[in-house]
Amino acid sequence: MSLRALIRQSLDGTEKDYTRLPLRRAVFLLALPMVLEMAMESLFAVADIFWVSRLGADAVATVGLTEAVMAGIYSVAFGLSMAGTATVARRVGEKDLEGASRAAGQTIVLACLIAVVIGVLGWFAGDSVLAAMGASQSVREIGAGYARLMLGGSITVVLLFVFNSVFRGAGDAVTAMHSLWLANFANIVLGPIFIFGVGPVPAMGVTGAAIATTLGRGLGVCYQVWRLVHPNGRLRMRPAHFLPQREVLGGLARVASTGALQTLLETASWLGLTRILATFGSVALAGYTIAMRIAIFALLPSFGMANAAATLVGQNLGAGKPDRAARAVWVVGLYNFLFLGVVSVAFVALPEQLSRLFTSEPEELAYAASCLRIVACGFLCYAYGMVFVQAFNGAGDTRTPTLLNLACFWALKIPLAYVLAVPLGLGPNGVFIAITAAYSALTLLAVVFFRRGKWKTNQV
């Protein structure tokens, strides 16, 4: 089959049995829409800050401080998503569509309950959150509305993530891709309209950015709901599937809570690095921030491939094919290795040119280029690491990656960054080296645990 035909088949949205297709074809057909989904997400991350940066330092600070708090909400959403993908994929692999629909319904019920609580608390805590994060009075004055809308509108964040995890678990990566594209495209279009004002829409500043983001995500959720209840959908959802079932909800909550902790351990560890870098001045911190935004822009498509590994593991374990599940992970890892190999060469060879897209300050440029070079050296190793981590999650084994994150990011990355940067005198470069070392260690440990194969017997 030609490459063009494979691409067309991958994006046509038709139902496929990923437990029986030739393995490499199954990986390609499932991974392509997930990669495209994450590519749009990476574009959204850059576009959002592009417009807000036109409003000045206080607006950027508002976004940064609010996003730091949103990291906890993202962790909850990721944890619920891990539970949704693992349980739905397992039932689909078992050819138990009724069980898959029931798992999807219970995941959505749990997500709605949690999302409403978070949203209500966030709405009333907007200004208080900025104050607690140490925001200046000027930031609080222009940013209270933004924080309130983003935190209150986090209901859409949780639901967008969870609905997509259900679609991915069912093997419907195309619907997941369409929903995120719709949400992000709407945000990209609405952002400048609400921020700067167009026609009858008044300029709302940074608050307008929150309105655009929440509306875009809400539109994506509406599309997901429509696809979920569509009579030709992959899952046959009925009202009975949404009636709370204590045993199912309990199992989902266990997987989700560990998954949320797993993500929180990783995201919170970056705050430690930021604190160390802050001691070297704002220029070093700015250079690091620019470099990591560029790195995340390149890594998000790789996370799409890793998500494909999670679905393939879940479905093949459900089909009673653990060896095929393991082979799928190695194939996805190879594809990711090849992709990030190209990216790492570009980062090592052209770091100044890439960083210059975001800054022209010589010192910031030097720090950003140094960070890109050093971090890119670990990409080839981490290409496999992120795939192995998602493979554990796809099997419902969220405990192993949680322990790995605790060991590599808290017992290794933060202490090593401090020792290299301060006592050994490497400065910010010591922090950058610690990042590469931590993710390389994560990969090596993940390989060891993956080869032991205990994940193959995990029950969800």
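The values are calculated or read from the model by the stated rules, or taken from the named source; none is laboratory data. Because the structure is a prediction, the values reported are computed rather than measured. With ideal geometry, Cβ positions are generated from the backbone for all residues, glycine too; neighbour counts draw on all protein chains shown.
Points worth noting:
- Of the set (1) at pLDDT below 90; (2) closer than 30 Å to Arg20 by Cα; (3) among the basic types (Lys, Arg), all apply to Arg102 but (1).
- Among the numbered conditions (1) in a helix (DSSP H, G or I); (2) under 25 Å from the mean Cα position of the chain (by Cα), the only one that Glu141 does not meet is (2).
- Residues of the stretch 239-252 that are under 18 Å from Phe163 (Cβ atoms) and surrounded by 13 or more Cβ atoms within 10 Å (Cβ to Cβ): His241, Phe242, Val248, Leu249, Leu252.
- Restricting Phe280, Phe297, Phe303, Phe337 to those that are assigned to a loop (DSSP other than H, G, I, E, B), of a type outside the set (Lys, Arg) and touching a residue at least 12 places away in the same chain (Cβ under 8 Å) reduces the list to Phe280.
- Filtered residue count, the stretch 322-379, keeping only those that are over 22 Å from Asn307 (Cβ atoms) and of a type outside the set (Val, Ile, Thr): 28
- Among the residues of this structure, Glu361 counts as one that is among the charged types (D, E, K, R), touching a residue at least 60 places away in the same chain (Cβ under 8 Å), surrounded by fewer than 19 Cβ atoms within 10 Å (Cβ to Cβ) and over 26 Å from Val387 (Cα atoms).
- Every pair of residues 6+ apart whose Cβ atoms lie under 6 Å, when the first sits in the stretch 65-88 and is under 13 Å from Leu160 (Cα atoms) while the second is part of a helix (DSSP H, G or I) and among the hydroxyl-bearing types (Ser, Thr, Tyr): Ile73/Ser154; Phe78/Thr263; Ser81/Ser165; Gly84/Thr107; Gly84/Ser165
- The listed residues are Val27, Val46, and the only one of them that is modelled with pLDDT of 90 or more and either assigned by TED's automatic domain parsing to the domain that holds Arg140 or touching an Asp or Glu at 6+ places or on another chain (Cβ under 7 Å) (or both) turns out to be Val27.
- Taken over the stretch 7-23, the criterion of being in a helix (DSSP H, G or I) and surrounded by fewer than 15 Cβ atoms within 10 Å (Cβ to Cβ) is satisfied by Ile7, Arg8.
- Hey, Asp58 under 21 Å from the mean Cα position of the chain (by Cα), assigned by TED's automatic domain parsing to the domain that holds Ala240, in a helix (DSSP H, G or I) and of a type in the set (D, E, K, R) or not: no
- Figure legend. Inter-residue proximity from the stretch 439-460: first residues under 30 Å from Leu249 (Cα atoms) and among the β-branched types (Val, Ile, Thr), second residues assigned to a helix (DSSP H, G or I) and modelled with pLDDT under 95, beta-carbon distance below 6 Å, spacing 6+ or different chains. Indicated pairs: Val460/Ala86; Val460/Thr87; Val460/Arg90.
- When each of Pro428, Pro415 is tested for being surrounded by 24 or more Cβ atoms within 10 Å (Cβ to Cβ) and over 18 Å from the mean Cα position of the chain (by Cα), the lone residue that passes is Pro428.
- Assessment of the stretch 291-314 against the conditions (assigned by TED's automatic domain parsing to the domain that holds Trp410, of a type in the set (S, T, N, Q) and more than 20 Å from the chain's Cα centre (by Cα)) yields no matching residue.
- In the stretch 217-224 there is no residue matching the filter, namely being modelled with pLDDT under 85 and not aliphatic (A, V, I, L, M).
- Some residue of the stretch 45-55 being touching a Leu at 6+ places or on another chain (Cβ under 8 Å) and either free of Cβ contacts under 8 Å to residues at least 24 places away in the same chain or of a type in the set (Phe, Trp, Tyr) (or both): no
- A Cβ distance below 9 Å, combined with a sequence gap of six or more or placement on separate chains, defines the contacts here; from the stretch 410-425, residues that are assigned by TED's automatic domain parsing to the domain that holds Ser440 reach residues that are surrounded by 12 or more Cβ atoms within 10 Å (Cβ to Cβ) and assigned to a loop (DSSP other than H, G, I, E, B) in the pairs Leu420/Leu426; Leu420/Gly427; Ala421/Thr279; Ala421/Phe280; Ala421/Gly427; Val422/Thr279.
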